Each structure stands twice: as structure tokens, then as C-alpha cells.
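Visitor: First, the structure itself, so that you have it in front of you.
The values are calculated or read from the model by the stated rules, or taken from the named source; none is laboratory data. Bear in mind that the values here come from a model prediction, so they are computed numbers and not experimental data. Cβ placement follows ideal geometry from the backbone for every residue including glycine, while neighbour counts extend to all protein chains displayed. Calculation scope for accessible area: heavy atoms of the full protein, side chains included, ligands and nucleic acids excluded. Shrake-Rupley method; radii C 1.70, N 1.55, O 1.52, S 1.80 Å.
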Amino acid sequence: MSQFVINLLFVGASFALYIGIAIWARAGSTSEFYAAGRGVHPVTNGMATAADWMSAASFISMAGLIAFTGYDNSTYLMGWTGGYVLLALLLAPYLRKFGKFTVSEFIGDRFYSPTARLVAVICLIVASVTYVIGQMTGVGVAFGRFLEVSNTTGLLIGACVVFAYAVFGGMKGVTYTQVAQYVVLILAYTIPAIFISLQLTGNPIPALGLFGDHAASGEPLLEKLDAIVTELGFAEYTAHHGDTFNMVLFTLSLMIGTAGLPHVIMRFFTVPKVSDARWSAGWALVFIALLYLTAPAVGAMARLNITEMFWPNGTDGEAVAVQTIEEDPEYNWMLTWQKTGLLGWEDKNGDGKIQYYNENSADMQAKAAENGWVGNELTNFNRDILVLANPEIANLPAWVIGLVAAGGLAAALSTAAGLLLAISSAVSHDLIKGAINPGISEKGELLSARIAMAVAIAVATYLGLNPPGFAAQTVALAFGLAAASIFPALMMGIFSTRINNWGAVSGMLAGLVTTLVYIFLHKGWFFIPDTNSFTDADPLLFTVKSTSFGAIGAVINFAVAYAVSGMTKETPQEIVELVESVRVPRGAGSAQAH
């Protein structure tokens, strides 16, 4: 049986499962569409939250970014994990006690202002659309390789699948679909990692194998990796080389952006009680940890495998021959990924070999001149392909490759569905029902939610064709936008009675606009290529990259909100009492429709 057929079987079976669950759990009311009827068990919700959380950025892209940068990109792990702890401790229980359907509804009621609710909708849509671009990018990469179609075709197929189970199932369908997707993605991530860890270190636990000895050489695995990459002119894998100030800002942006992402927060509205919100957050951390403890090992071991494939005789020997790449079955993965346009190489000096090294290193330039090399001949290695290609690189069985195909798509589609649900809820419940047509029927509201989701899928698919970066980098931009706009409003709404309606609106707009402008200046206006004035390599403000500006945007939001609130009317007494009651642990009421 060919690899293509095996891939089809795994992907087809998983998709049939997702769509079957969506049909079984079809939403019949707005409560089921927005909050799954508030009857989800904490363990089930924890697993669904983990799937919602571990997107294409976590599954597909993060290990690739760590693999090719090393320690400096551990910020993704620190920021996302730390942010989830913030969300679980500071926001989830209080928002569940408030008893509303959406984040925007909470902000509108807490700041007693339809304008605040509308601004929150705008912030939510901007952050969520940016986030979903990264997911659709991952969908295109996965489909492009495993179904042997172009990225564009893969993106369109993925959009149709998301439409099928997210539009009809709503939160109820998405919740149980995400439970299945979590099982698929965690198996797909950990099984290849176990195989590779056994191959390289003899240890079946990848997180322990990372700090163990390399089986072939007897050296500590990380020391061997450091030696190989530095010999090729790259930065030492385990050392910090970047700008510390930007690193701190980036980690902070990911942390508070995590705590402000509406599609994750919405999951805590689906449980029956406040205590269940806390328990489901705890379970979600357990399920997330299974992947996040494995990711550093996946990145490091893959980098070692790739480097040794290009230098099979060691860095002092000959590089891999073009003929070997074309004829040796162990290198078939390169030929299949080359077809997607995400991997490329070129024999620039015509010596029949492919030299992979850092052509910008002064030492390597001298070595290159001595050996007649004319530049790095691995011309393209998209970071988003690493995890998906890992089983092929390690020459694992065909069924493992098929499982990884299904897992990568599960990760991208689960988060895409959650984001699209957040967008549709904001449009139908907060914009249409909350502002434009308060008297709309429940049937009409459901229809508008599904139409809004269909439009959001179309927009995300279009933008996914030309993303502003790798999946994890694009997602980081979304986290920055959420950090600058939504997180401060939620924190001030729960823990401060001083912030009034004018302060909240002004703060959200100031944080969103400044962060969005900073991103567009570096990534292109509305992410249109070649319209940027700066790059992250040469940023506008000191060393602050576009992915790190969210923390500064959050400070601007807080400062503006407090300043404007101090110059305008005080918060009404009934709102002060409402805020104080929300912070009391007991007594959460049922959801109220408005």
C-alpha cells in the first residue's frame, strides 16, 4: 500500500469522525451554539480546551522554530504556558461567574456601555482573524504534503472541512469534536517523538532523552548538537544570542495575549459551575503539558537528524551528493516536500553535492572559499514542515507518517473552529443582537452566526494564501493584539472599580490601534506584501519586533484607561457592587440572555 493511500486512510477516517460528531452534537439553540448548553464535564472541557489551545502553531510550527534557533525560541513555550496559568487563575472563574455567553458581552455589561461592547467586538475580530490566518497556513502545509496537492488546494479543502463541522455544530459540536482531535493530535505528536528518542538516545521518554547521551557517539545529545551547528557557522543551540529586552517583551506579550484570547476564554463558559471552570483549567494544563514537554526534544532531535543527513560523513567530510538525494530511499522525504515548494536546494557550484552551512558566518566564508563553495545550497527549509516531515526524516513506518498527517490537520482545524466560533458569536450575539437588532429571534440569531462564520472562513482562507510569516509567527501577532486590547479590559473589569466606560473604550482603542499600526509598519499594511516600512531585523522602536509590541500596547491601554477614567465620571455604584460580587468565589448564577 502506497504512502499516499495510507495518508488518505488516516486523514479520511479522522475527518469522518469529526463530521460525524458534529452531526450527532448539532446545536439546536443559541445556548448550545455559544456555550454547549453549559453542561460539559471539566475533564472533557479540559481536553477540548487543550485541543483548542494547541493549534497549528504548537503542533506544526513551534518545534520547527525551536529547531532552527534553539534556546532563544523557547520563549514560545514559556509565554504560552505561563499565559495559560494567568488565564486559569485570574480570569476564567470570574468570567464564568458573570454568566454571559461572550467576552464582548462581559465588557459591555461591566463597563455599562454598548460602545465598549462594540469596541470589544472589533478587537476580538481583529485578533481572531489574525490568529486564524496561522491555522489556515498550517492546514495548507499539511494538505499540500500529505494529499500531494498545492498549498492553495489544501487550504480550500481545509476550509470546506471546517465549514462542515463548525458551522452546523456550534460550540456543542466543536467541543466534542475537539476531544477527538486532542486524542489524534497528542498521539500523532508523541508516538514519532518516542520512536526518534529511542533511535537517538535509547530513552523512550523524549523529554528525558533530550538531556541524555547520544547513542551512536556516547556524547550528551545537546553537546553533540552544539558542536555540529557551531562547526557549520550557526549559533550555539543551547545559548542565548538574541536581544534580552525583546525576549522579555515577547514572552510577556505571549503570556498576557494568551489570557486575552476569546476563543480559549469561551471554553470556560461551557461548564456548569465556577468550580468546574477552575478544574477544567487544571485538566487543560495537564493535557497541554504532554505536548509542551515533548516539543523541545522534537526540535533538537530533528535538527540533529537533518544536519547529519546533509553531512553524513561529519562536518569535516563530504556533503551529501545530489545523486544520493535523488536515489537513496532515506532521502525520499526531500523529493516529496520539494513538490510543495516548501523545501528547496541547488547545487550552486556544480560539484554534485549540497553544502548546508551558515553563509553569513565569517569563519564559514573562509572555509567556503577554500573548498570552492559559493553559498548555502539548502535554499529553502520552511520551518512549518519540520514536525510533519520528522517521521520521514527519521525513516519511521508508513503508518506513523499517516498518523502525523491526521494530527497536524487536527491541531490546525480544532483551533480554527474555536476561533471561527468566537468570531461568529461576536458578530451575531454582540453586534447584531446586542446593537443592531435586539429583537431578533433565536432562529435568526443562529442563522446570522452561521453566515458570519462562513464569511470569516472565506476571509481567513484568502489571507492564509499570503501569510505574514510562519504559522507560529503569525499567531504571535494575534497574541500581541489580544494582549494590547482585550486582556487589560478584562483585568480592569474584574479587579478595578475605578475604570469607567470612557476609560475602557479609550484604553482598548489606544492599545489596539498602536499595536496594529506597529505590526503593519513591519509586516505590510493589511499584510499586503512589500508595503512595510521596517522589518523585524531592523525595527522602528529600539529592538522591539512586531511580535513583541503587544506588551507595550497593553501598557498603553492601562495608562490611557486610568487617565481617562480619572478625568471623567466615577463608575456607578451598582457596577461597583457587581464587580465586587463577581470576585466572591461562591454563588454563580445561570447564564442570562440579553
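Visitor: For the pair ASN395 and PHE534, what calculated FRET efficiency results from E = 1/(1 + (r/R0)^6), where r is the Cβ-Cβ distance and R0 = 51 Å, to the nearest 0.05?
Guide: Here the calculated transfer efficiency is 0.75.
Visitor: Here is a further query. Mind pulling the angle between the C-alpha long axis of helix 3-24 and the longest principal axis of the chain? Nearest 10 degrees, somewhere in 0 to 90.
Guide: Result, in degrees: 10.
Visitor: Further question: Using a Cα-Cα cut-off of under 17 Å, which aspartates and glutamates could be cross-linked to LYS224, ignoring same-chain neighbours fewer than 8 residues away?
Guide: Within the straight-line limit of under 17 Å, LYS224 reaches these aspartates and glutamates: ASP213, GLU236, GLU308, ASP316.
Visitor: With a 1.4 Å probe and all protein chains left in place, how much of the accessible area of segment 66-137 comes from carbon and sulfur atoms, in whole percent?
Guide: Details: 1190 of 1620 Å².
The computed percentage sits at 73.
Visitor: Shape of segment 220-343 from its Cα gyration tensor (a ≥ b ≥ c, root eigenvalues): rounded if a/c is under 1.5, otherwise prolate when a/b > b/c, or oblate? Walk me through the numbers on the way to the answer.
Guide: Working: a/c = 2.89, a/b = 1.99, b/c = 1.45.
The shape class here is prolate.
Visitor: In cubic angstrom, how much convex hull volume per residue do the alpha carbon atoms of segment 44-144 span?
Guide: Hull volume over Cα atoms, normalised by residue count, gives 132 Å³.
Visitor: Separate question: Around PHE534, what is the net charge, scoring Lys/Arg as +1 and Asp/Glu as -1 over all other residues with Cβ under 15 Å from its Cβ?
Guide: Spelling it out: positives minus negatives among the neighbours equals -1.
Visitor: Taking a probe of 1.4 Å, how large is the accessible area per residue of the chain, in Å²?
Guide: Averaged over the residues of the chain, the accessible area is 36 Å².
Visitor: Helix 550-567: angle to the longest alpha-carbon principal axis of the chain, degrees 0 to 90, nearest 10?
Guide: Taking the Cα atoms of the chain, the angle to 550-567 is about 20 degrees.
Visitor: Return one number: the angle in degrees, 0 to 90 and rounded to the nearest 10, between the long axis of the Cα atoms of helix 114-146 and the longest principal axis of the Cα atoms of the chain.
Guide: Result, in degrees: 30.
Visitor: Only Cα pairs under 8 Å and at least 6 apart count here; give the relative contact order of the chain as a rounded whole percent.
Guide: Dividing the mean separation by the residue count of the chain yields 28 percent.
Visitor: Calculate one ³J(HN,Hα) per residue across segment 531-536 by plugging θ = phi - 60° into the Karplus curve 6.51 cos²θ - 1.76 cosθ + 1.60, and present them in order as whole Hz with x for glycine and proline.
Guide: 10, 7, 9, 9, 10, 5
Visitor: Rounded to the nearest 500, what is the chain's calculated 222 nm mean residue ellipticity when only DSSP H runs of at least 4 contribute -39500 (n - 2.57) each, over all residues?
Guide: -21000 deg cm²/dmol
Visitor: Could I ask something else about it? Of LYS353/LYS545; LYS353/LYS523; LYS339/LYS523; LYS97/LYS569; LYS433/LYS569, which pairs sit farther than 31 Å apart, going by alpha carbon to alpha carbon?
Guide: LYS353/LYS545; LYS353/LYS523
Visitor: With θ set to phi - 60° and the Karplus curve 6.51 cos²θ - 1.76 cosθ + 1.60, what are the ³J(HN,Hα) couplings of segment 233-250 in order, to the nearest whole Hz, using x for Gly and Pro?
Guide: 3J(HN,Hα) across segment 233-250, in whole Hz: x, 8, 5, 4, 5, 8, 9, 8, 10, x, 7, 5, 4, 5, 4, 5, 4, 5.
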